[in-house]
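Novice: One structure is given below, represented as structure tokens, and several questions about it will come after.
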Amino acid sequence: MIPVALSPGCCQLPDETPGVIARLRRGFGPVEETHFMTSMTIPASDAIEVHDAGVLAWASDLLDRAGDPRVMQQEVVAAVARNARWRGDECLNLLAPEAPMSPVVRQLLSAEVGQRAAEGHVGPANRWFAGTQYIDEIEALCIELLKRVTGARYADHRLVASMIGNMAVYAALTQPGDAIMSVTQPFGGHSSNRTDGPAGIRGLRIHDVPMDPVELTVDLEAFAAAARAIHPVVVALGASMTLFPFPVAEMAGIVAEWGGKIFFDGAHQFGLIAGGQFQDPLAEGAAVLTGSAGKTFSGPQSGIIVWNDPALTVPLTDAIFPTLAATHQVNRVAALAAAAAEFLAFGRDYMAQIVVNAQALAAALQERGVPMLAAHKGFTRTHQAIADVRAFGGGEAVGFRLAEANIITNKNLIPGDRPEDWDRPGGLRIGTTEVTRWGMKEPEMARIADLIADLLHGRRSPESTRQEAIALRRAFPELQYCFG
Ligand SMILES: Cc1ncc(COP(=O)(O)O)c(C=O)c1O
């Protein structure tokens, strides 16, 4: 089995698409289109299954043939090893939401404490279970490290995903039926803040933040007019396609007229923010900042939330415990704390190089005939570069073609994509976090641009591209920006 298929990001569904229909379309998409198990036949069934029926049938068949549970377990371990060899050792991973963790952080993920339960807040009086004194130490260290790394007054470490952090924000700051504003998907917005995510579950009335399709940032004049008419209680600035800062200070000033709040969903940019390489949303007037620990921040995949206003502490933490988190994986908390300590030492340099690399990669691609968004304003101020690949068959086809050559990216909606093309978008999102942590710099960005452009222009075969990608990856065996 060649594991090249990447399922479409749920974050990319436009609001017009009812979630269930969208999931069914994904789950039952033609097998040959997803490159999975082309030899499998999908069993006819009236059961509704959200996962790809061909891949589930492959697994079920494998387990049948294994028979013995010990062999079944070996098959699981073998699948993990196949992924580690391919994605870990042989691919140029340019997926914007990914980052490699340091050896210490990875090791802590399998620590003994991962089997311990510690519901509640830190401290003996706040726990339901006894025996948590060392767990209190780990969690307190994590909170204090997160505060140091972000400069925020309050931080919480118990979010198993940044989606959960966003849900906590909506639970704490809104009531069902309230109006909010958020960014639409073709401009990079994420389902978290739209109808098919936490904001939708909360029953909010969701309006669009007007965006400028050329500048790829908020159209402030249109925003001021719309917001003054709508009076949103929260304006969510969250973007999974993110190239430039948001005008947080100006927007905060506008919504303050009726007591509205800016919520900065920094899932992607959290590391850049903590490393001082992007805007500082809390300092600019956002009430709360959430982020993914496993994206630019390069910790274990999970969520982080920080805020400064003491009045938000009870509503936000009530929404976290006992509402959305119970046993919150203390091994993950330990890994997060260790990643935060690394960040204190290396975050600034690491994040700065990520941005330099993204700019270099975008410029090199543009020079080689791959049109990039925002060329007129330096392409990007983040870890991402966005290609307009409509001329090469669109984001999905290009994403699969590159994956066959061991270059991992993802398709992405871009301004101008029609809502009905939500699963065939025109863009390709490219991220530089992982290659930067392996130590690659501007010369390697030019080499990566050569590989991508040559493949897209048909000047190089997938096989020769793959060999070059493997060689480049292997030339950088040592993870950087961490303690030796
Ligand atoms: C803007 C935004 N918010 C939230 C999320 C969800 O993050 P997580 O995967 O940590 O739950 C994402 C994921 O890509 C995102 O891009």
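Novice: Counting only chymotrypsin sites (Phe, Trp or Tyr not before Pro) that are in a DSSP loop and have at most 11 other C-beta atoms within 10 Å, tell me the longest site-free stretch of the chain.
Specialist: 129-482
Novice: Please work out how many pairs of lysine residues in the chain are eight or more positions apart (or on different chains) and have Cα atoms closer than 22 angstrom.
Specialist: 5
Novice: Please list 462-474, 443-455 highest first by mean number of surrounding beta-carbon atoms within 10 Å per residue.
Specialist: Listed from highest to lowest mean packing, they are 443-455, 462-474.
Novice: Quick one: putting +1 on the C-beta of Lys and Arg, -1 on the C-beta of Asp and Glu, what dipole do you get for the stretch 346-474 around its Cα centre, in Debye to the nearest 20?
Specialist: That gives the stretch 346-474 a dipole magnitude of about 240 debye.
Novice: Please state the relative contact order of the stretch 346-474 as a whole percent: Cα pairs under 8 Å, 6+ residues apart?
Specialist: 29
Novice: Between the alpha-carbon centers of the stretch 341-358 and the stretch 227-294, tell me the distance in whole angstrom.
Specialist: 21
Novice: I would also like to ask the following. Pull up the DSSP beta bridges for the chain and report the antiparallel fraction as a percent, rounded to 5.
Specialist: If we restrict to bridges inside the chain, about 55 percent are antiparallel.
Novice: 5 Å is the cut-off here: which amide hydrogens, built 1.01 Å from N in the peptide plane, fall below it relative to V288, excluding neighbours closer than 5 in sequence?
Specialist: Under 5 Å from the amide H of V288: F264.
Novice: Tell me which residues come under 5 Å, amide H to amide H, from K261 once H is placed; ignore anything under 5 positions away on its chain.
Specialist: V234, V235
Novice: Now for a separate question. Can you bin the stretch 103-340 into rounded, prolate or oblate? Criterion: square roots of the alpha carbon gyration tensor eigenvalues sorted a ≥ b ≥ c, rounded for a/c under 1.5, prolate for a/b above b/c, oblate for the rest.
Specialist: Prolate shape, in that a/c is at least 1.5 and a/b is the bigger ratio.
Novice: For every helix of n ≥ 4 consecutive DSSP H residues, a contribution of -39,500 (n - 2.57) applies; sum these over the chain, divide by its total residues, and give [θ] at 222 nm rounded to the nearest 500 deg cm²/dmol.
Specialist: -12500 deg cm²/dmol
Novice: Moving on to the next point. Name the residues whose placed amide hydrogens come within less than 5 Å of the amide hydrogen of R205, ignoring near sequence neighbours (fewer than 5 apart) on the same chain.
Specialist: It is G177, D178, A179, I180, by chain and number.
Novice: Taking the dipole about the Cα centre of the chain, with the C-beta of Lys and Arg at +1 and of Asp and Glu at -1, give me whichever of N410, T195, H157 is farthest to the positive side.
Specialist: Among N410, T195, H157, the one farthest towards the positive end of the dipole of the chain is H157.
Novice: Just check the stretch 248-362 against the gyration tensor rule for me: Cα atoms, a ≥ b ≥ c as the square roots of the eigenvalues, rounded for a/c under 1.5, and otherwise prolate or oblate depending on whether a/b exceeds b/c.
Specialist: Judged from the Cα gyration tensor, the stretch 248-362 comes out oblate (a/c at least 1.5, b/c at or above a/b).
Novice: Over the chain, calculate the relative contact order: mean separation of alpha carbon pairs under 8 Å at least 6 apart, over the residue count, as a percent.
Specialist: 20
Novice: Also, quick follow-up: Take the Cα atoms of the stretch 99-190, build their convex hull, and give its volume per residue in Å³.
Specialist: For the stretch 99-190, the hull spanned by Cα atoms encloses 172 Å³ per residue.
Novice: How big is the Rg/Rh ratio for the chain, C-alpha atoms only, Rh by Kirkwood, two decimals?
Specialist: 0.96
Novice: Hey, another quick one. Assign unit charges at the C-beta atoms only (+1 for Lys and Arg, -1 for Asp and Glu), then state the dipole size of the chain relative to its Cα centre in Debye, rounded to the nearest 20.
Specialist: The dipole magnitude comes to about 600 debye.
Novice: What's the FRET efficiency of E137 with R459 using the Cβ-Cβ distance as r and R₀ = 51 Å, to the nearest 0.05?
Specialist: The computed FRET efficiency comes out at 0.35.
Novice: Restricting things to Cα coordinates, could you compute the convex hull volume per residue of the stretch 401-484 in Å³?
Specialist: Expressed per residue, the convex hull around the Cα atoms of the stretch 401-484 is 119 Å³.
Novice: Classify the stretch 346-474 as rounded, prolate or oblate, taking a ≥ b ≥ c as the square roots of the eigenvalues of its Cα gyration tensor: rounded when a/c is under 1.5, otherwise prolate if a/b is larger than b/c and oblate if not.
Specialist: oblate
Novice: Please give the Cα centre distance for the stretch 65-109 versus the stretch 434-461, rounded to the nearest Å.
Specialist: 24
We did not get these values from a lab; they are worked out from the coordinates using the rules stated. What you see is a predicted model, and the numbers here were worked out from it, not measured in a lab. Here Cβ is always computed from backbone atoms with ideal geometry, including for glycine, and neighbour counts include all displayed protein chains.
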